[in-house]
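Undergrad: Below you'll find the structure I mean.
The values are calculated or read from the model by the stated rules, or taken from the named source; none is laboratory data. Just so we're clear, the structure is a prediction, and the values are computed from it rather than from any experiment. Here Cβ is always computed from backbone atoms with ideal geometry, including for glycine, and neighbour counts include all displayed protein chains. Note: accessible area is taken over every heavy atom of the protein model, side chains too, but ligands, DNA and RNA are not part of it. Shrake-Rupley method; radii C 1.70, N 1.55, O 1.52, S 1.80 Å.
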Amino acid sequence: MRKGQQTRLAIVDAAVEQAAMAGLESLTIGALADRMQMSKSGVFAHFGSREDLQLAVLQAYEARFIDDVLKSAIAVPRGLPRLAAILERWLARTVIEAAQGCIWISAASEYDDRPGPVRDELVRMIEGWRGELGRTIDQAVTAGHLVPDTDIDELLFAVNGVVLALHHDARLMRNPAALDRARRAIDRLIERLRTAQAPPIRLADSSPRSKIDQPPRSRLADATRPARGGHRSVSRQRQPTH
């Protein structure tokens, strides 16, 4: 990797950390230059504007999210096993981000009524994530693990609601039981759609020693930084499998 690419990655890493703590609106070329001990012109050479920097941060966050939540579950068999693996990773990552800050959640609050490239990119990413999760649900239907008339949009809406409630209870309420409650809530959603031949998989049975999992009680209690911080609407008709 060339030195210029290394420098750009280092700037983006610092910007992601800053945005997680204080939101995308906190990002400025000047603040990052100070943090990186660089000149403003040096940072500007990699990002032509503050907006370019914000877009780069969103894209970096998306790549990490997909790696942690989606790609890590590809090796799991299609159907309910893969769906459960993805949902478990999403819930566990949400708890960690409750302590560190979730860029997607904070950006949704910052840009929900602010038209422009940053909002457009955020919407595209969330739609893309919902599309991937919707296809995974559809694969569970195709595998015979969920009932044929499963409403994909409705299940996506309910699952996203659980994730947002988890972030709220873990970050604001500092509730160490939030992750277990979220797992049980997802289990109840799936149980209503499960078929007789579906494997007996429950998120509530997940190992507490997974790579991304519930932080200890003291970590939640110490999460005092300002809260800043998950999709294309999927048709109710089943999507093609892949």
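Undergrad: List pairs: first residue in the range 135-163 and on the phi < 0 side of the Ramachandran plot and of a type in the set (Gly, Ala, Ser), second residue open to solvent by less than 10 Å² (accessible area, probe 1.4 Å) and not in a helix (DSSP H, G or I) anywhere in the structure, Cβ distance under 9 angstrom, at least six positions apart or on different chains.
TA: ALA140/GLY79; ALA140/LEU146; ALA140/THR150; ALA143/GLY79
Undergrad: Separate question: Before we move on, is PRO200 outside any helix (DSSP H, G or I) and closer than 15 Å to ALA84 by Cβ?
TA: Details: outside any helix (DSSP H, G or I): yes; closer than 15 Å to ALA84 by Cβ: yes.
Answer is yes for this residue.
Undergrad: May I ask you to list pairs of residues, at least six apart or on different chains, whose Cβ atoms are under 6 Å apart, with the first in the range 98-127 being under 19 Å from ARG174 (Cα atoms) and assigned to a helix (DSSP H, G or I) and the second being charged (D, E, K, R) and open to solvent by 80 Å² or more (accessible area, probe 1.4 Å)?
TA: ALA99/ARG219; SER106/ARG228
Undergrad: Say whether the condition of being closer than 30 Å to ASP169 by Cα and of a type outside the set (Lys, Arg) is met by at least one residue in the range 35-48.
TA: Quick first cut of the range 35-48, residues closer than 30 Å to ASP169 by Cα only: none.
Looking for residues that are closer than 30 Å to ASP169 by Cα and of a type outside the set (Lys, Arg), one finds none in the range 35-48, hence no.
Undergrad: I would also like to ask the following. When the residues of the range 192-218 are narrowed to those that are at pLDDT below 55 and crowded, with 17+ Cβ neighbours inside 10 Å, which ends up farthest from ARG93 (Cα to Cα)? Even if it seems obvious, please write down each step before you answer.
TA: Let us first name the residues in the range 192-218 that are at pLDDT below 55, namely 207-218.
Applying the additional criterion that residues be crowded, with 17+ Cβ neighbours inside 10 Å yields 212-215.
Working: ILE212: 6, ASP213: 7, GLN214: 8, PRO215: 10 Å.
Only one residue tops the list, namely PRO215.
Undergrad: Pairs please, first residue from the range 1-30 and within 21 Å of ARG119 (Cβ to Cβ), second anywhere and among the polar types (S, T, N, Q) and open to solvent by less than 20 Å² (accessible area, probe 1.4 Å), Cβ atoms under 7 Å, 6+ apart in sequence or on different chains.
TA: GLY23/SER106; LEU24/GLN54; LEU27/GLN54
Undergrad: Those residues that are more than 16 Å from GLU191 (Cβ to Cβ) and of a type outside the set (Phe, Trp, Tyr), I need them from the range 129-143; list them, please.
TA: Residues of the range 129-143 that are more than 16 Å from GLU191 (Cβ to Cβ), as a first pass: 129-136, 138-139, 142-143.
ARG130, GLY131, GLU132, LEU133, GLY134, ARG135, THR136, ASP138, GLN139, THR142, ALA143 - these are the residues of the range 129-143 that are more than 16 Å from GLU191 (Cβ to Cβ) and of a type outside the set (Phe, Trp, Tyr).
Undergrad: Using the structure shown, decide if GLU132 is surrounded by fewer than 23 Cβ atoms within 10 Å (Cβ to Cβ), among the acidic types (Asp, Glu) and within 18 Å of LEU70 (Cβ to Cβ). Outline the logic, then answer.
TA: Working: surrounded by fewer than 23 Cβ atoms within 10 Å (Cβ to Cβ): yes; among the acidic types (Asp, Glu): yes; within 18 Å of LEU70 (Cβ to Cβ): yes.
So GLU132 fits the description; yes.
Matching residues to (1) under 25 Å from GLU97 (Cα atoms); (2) touching a Lys or Arg at 6+ places or on another chain (Cβ under 9 Å); (3) in a helix (DSSP H, G or I):
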| site | (1), (2), (3) |
| --- | --- |
| GLN6 | no, no, yes |
| MET21 | yes, yes, yes |
| ARG35 | yes, no, yes |
| GLY42 | no, no, yes |
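Undergrad: Which residues, taken from the range 135-191, are open to solvent by less than 40 Å² (accessible area, probe 1.4 Å), in a loop (DSSP other than H, G, I, E, B) and closer than 30 Å to ALA20 by Cβ?
TA: Scanning the range 135-191 gives ASN175, PRO176, ALA177.
Undergrad: Being open to solvent by 40 Å² or more (accessible area, probe 1.4 Å), under 23 Å from the mean Cα position of the chain (by Cα) and over 23 Å from MET125 (Cβ atoms) is true for just one of ARG35, ARG64, ARG78. Which residue is that? Please lay out each step first, then the result.
TA: Details: ARG35 fails: under 23 Å from the mean Cα position of the chain (by Cα); ARG64 fails: over 23 Å from MET125 (Cβ atoms).
Within the list ARG35, ARG64, ARG78, the selection yields ARG78.
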